[in-house]
Amino acid sequence: MTDTALTSSTLDAAQRDALIARLTALADDELILSHRDAEWVGHAPILEEDIALANIAQDELGHAGVWLSLRGDLDGSDPDTLAFRRDAGEYRSARLVELPRGDWAFTLVRQFLFDAYEAVLIDETCASTYAPLAEAARKIVREERFHLQHTALWVERLGLGTDESNRRSQAALDELWPHTPQLFAPVPGEESLVAAGIVPDLAGVQARWTPLVTAHLARSGLRVPATPSAPPAPRTEHTEHLAELLREMQEVARQEDPGTVW
Amino acid sequence: MNETSAPEAPSGETQHRETQWPRWEVLKQDAPARPHQAVGSVHATDPEHALVTARTLFARRPSAVSMWVVPDHAILARTQEQDERGEPLPDTAEGEAQPYVVARKVNHKRSMTFVDVVGTVTATSPARALDLARATFPEPPALAWWVFPDAAVTRTDDTPETVESWFAPAKDKTYRQQSSYGVVGTHASERRGRRAAAPAGEQSGGEHD
């Protein structure tokens, strides 16, 4: 890092608010996706992949913790309180990660689309002018490269495997694809962060992501559906599935008083 | 146990549909100067899948710099007990001379690994490779041998990008040995008046989670 790097005390108020919103979106995507992946524990098709998906879920949960800690540096919030005491309306997750886990093809196609997004996004975030964010990204990017290798391998095998696995993968892609543009929609005030080099421009991330995933999907015998022309919904509008997911995820924590230490 | 033949159902028995994927043995290298060691096995559809699965299962926490996977049918395994019983070796076809990797187990005190790679020999069959292995690596006496063609091994590549994304993250992850968690009653180590637990985050023995 150069000595001109930004720190939490050198951000202006608008940058600070926008960065809180961006970190919350990053964290909520990883937290919700982690929960969806964890729903497979004990249910995956074979033992090795059961453990592998649990590993990925743990990594994503760890990333959510990193983003929420960075947010805590800015506003004093507590990661556990944010995870376990917010209602669906306060979450900023994307719809892609909220959808139920579906079958194995649905889970792996979603994880592939998300891993590719995260790998590109975090790769570009390594150059952030906000030193704590750049440092976190440099750690996370390594794990994401491996996640992407793992899930890309699965997409290829499911797409080219049997008629049944191809059919299921295509059905998953058809359902998931229209939700992908929301990942690249800026949060309020994000342009001030891009201008200051704090976060990468999401349009640029999408421009790298699109050929990366479409080439691999085509190699895997899958047709890429049309991208919706309507602008994506804001991250304040959730699927019906989020509230039910949070009810289960937060159930135990909410039986205790806030601040209970386990 | 021959690198050229797929596993076959024993003749005369009712054949049942095989739904399990092929098995691959996993060998992990902890540091550049250390041997590759057999750490366990995975079921996977193909070599690349086996390697990715092996990384996830066997290199999440402990340090590693390289991994190999070998299909189980490519390995000729031999134990001291088989030698003592005079059990015949499986028939293995003669072929072109090729390098075989030799791995062996030399004591019973190991909990996390089975055999260690000691080197290679060049031979025209697995049986001849085993003979050569015994002659080339006589000491200390081996409790178990593995020989397998070098060509049957699929390896992680050693580019910085792979080392960074496959193996580096595990080094920064702290973890606890099982012994550092609370138990009901008194932990045996406390009764003996010893320190109860290794400090979290130490690479103190390659515990898997």
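The values are calculated or read from the model by the stated rules, or taken from the named source; none is laboratory data. In this text the structure is predicted, and so the values were computed from the model without any measurement. Because the Cβ atoms are built from the backbone with ideal geometry, glycine has one as well, and the counts that use them run over all protein chains shown. For accessibility, only protein heavy atoms count, side chains too; no ligands or nucleic acids. Shrake-Rupley method; radii C 1.70, N 1.55, O 1.52, S 1.80 Å.
Just a few scattered comments:
- Helices (runs of 4 or more DSSP H) fully within region A:149-262 counting 3 or more residues that are among the polar types (S, T, N, Q): A:163-176, A:202-219
- Screening residue A:41 on (1) part of a helix (DSSP H, G or I); (2) under 26 Å from residue A:254 (Cα atoms); (3) within 14 Å of chain B (Cβ to nearest Cβ); (4) open to solvent by 20 Å² or more (accessible area, probe 1.4 Å) shows it passes everything except condition (1).
- Looking across region A:126-161, the residues that are open to solvent by 10 Å² or more (accessible area, probe 1.4 Å) and away from chain B (no Cβ under 13 Å) come down to A:127, A:129, A:131, A:132.
- Spans of strands (runs of 3 or more DSSP E) in region B:23-98 with at least 1 residues within 15 Å of the chain's Cα centre (by Cα) and within 14 Å of chain A (Cβ to nearest Cβ): B:23-29, B:37-43, B:66-71
- Verdict on residue A:36 being open to solvent by less than 50 Å² (accessible area, probe 1.4 Å) and either more than 13 Å from chain B (Cβ to nearest Cβ) or aromatic (Phe, Trp, Tyr) (or both): yes
- Among residues of region A:189-222, those that are touching a residue at least 24 places away in the same chain (Cβ under 8 Å), of a type in the set (A, V, I, L, M, F, W, C) and open to solvent by 50 Å² or more (accessible area, probe 1.4 Å), counted: 1
- With respect to the conditions (1) within 14 Å of chain B (Cβ to nearest Cβ); (2) of a type outside the set (A, V, I, L, M); (3) closer than 24 Å to residue A:258 by Cβ, residue A:104 lacks only one, and its number is (3).
- If you go through region A:168-188 and keep only what is surrounded by fewer than 17 Cβ atoms within 10 Å (Cβ to Cβ) and under 15 Å from residue A:110 (Cα atoms), you end up with A:171, A:174, A:175, A:178.
- Enumeration of residues in region A:224-262 that are surrounded by fewer than 14 Cβ atoms within 10 Å (Cβ to Cβ) and either under 11 Å from residue A:88 (Cβ atoms) or within 20 Å of the chain's Cα centre (by Cα) (or both): A:227, A:231, A:234, A:236, A:237, A:240, A:244, A:247, A:248
- Assessment of region B:10-22 against the conditions (at pLDDT 90 or above, surrounded by 15 or more Cβ atoms within 10 Å (Cβ to Cβ), over 15 Å from the mean Cα position of the chain (by Cα) and within 14 Å of chain A (Cβ to nearest Cβ)) yields at least one matching residue.
- For region B:32-56, the set of residues classified as surrounded by fewer than 20 Cβ atoms within 10 Å (Cβ to Cβ) and under 21 Å from residue A:143 (Cβ atoms) consists of B:48 only.
- Residue pairs meeting the criteria (Cβ under 6 Å; at least 6 apart or on separate chains; first in contact (Cβ under 8 Å) with a residue 40 or more places away in the chain, in region B:36-50; second open to solvent by 30 Å² or more (accessible area, probe 1.4 Å) and part of a loop (DSSP other than H, G, I, E, B)): B:38/B:114
- Within region B:122-142, the set of residues being open to solvent by 10 Å² or more (accessible area, probe 1.4 Å) and in contact with an Asp or Glu (Cβ under 9 Å, 6 or more places away or on another chain) comprises B:124, B:127, B:128.
- In the set (1) buried (at least 22 other Cβ atoms within 10 Å of the Cβ); (2) within 30 Å of residue A:75 (Cβ to Cβ); (3) in contact with an Asp or Glu (Cβ under 9 Å, 6 or more places away or on another chain), the condition left unmet by residue A:27 is number (3).
- Checking A:28, A:59, A:12 one by one, the residue that is modelled with pLDDT under 95, in contact with a helix residue (DSSP H, G or I) (Cβ under 9 Å, 6 or more places away or on another chain) and under 19 Å from residue A:118 (Cα atoms) is A:59 and no other.
- Residues within region A:45-76 that are part of a loop (DSSP other than H, G, I, E, B) and more than 12 Å from chain B (Cβ to nearest Cβ), tallied: 1
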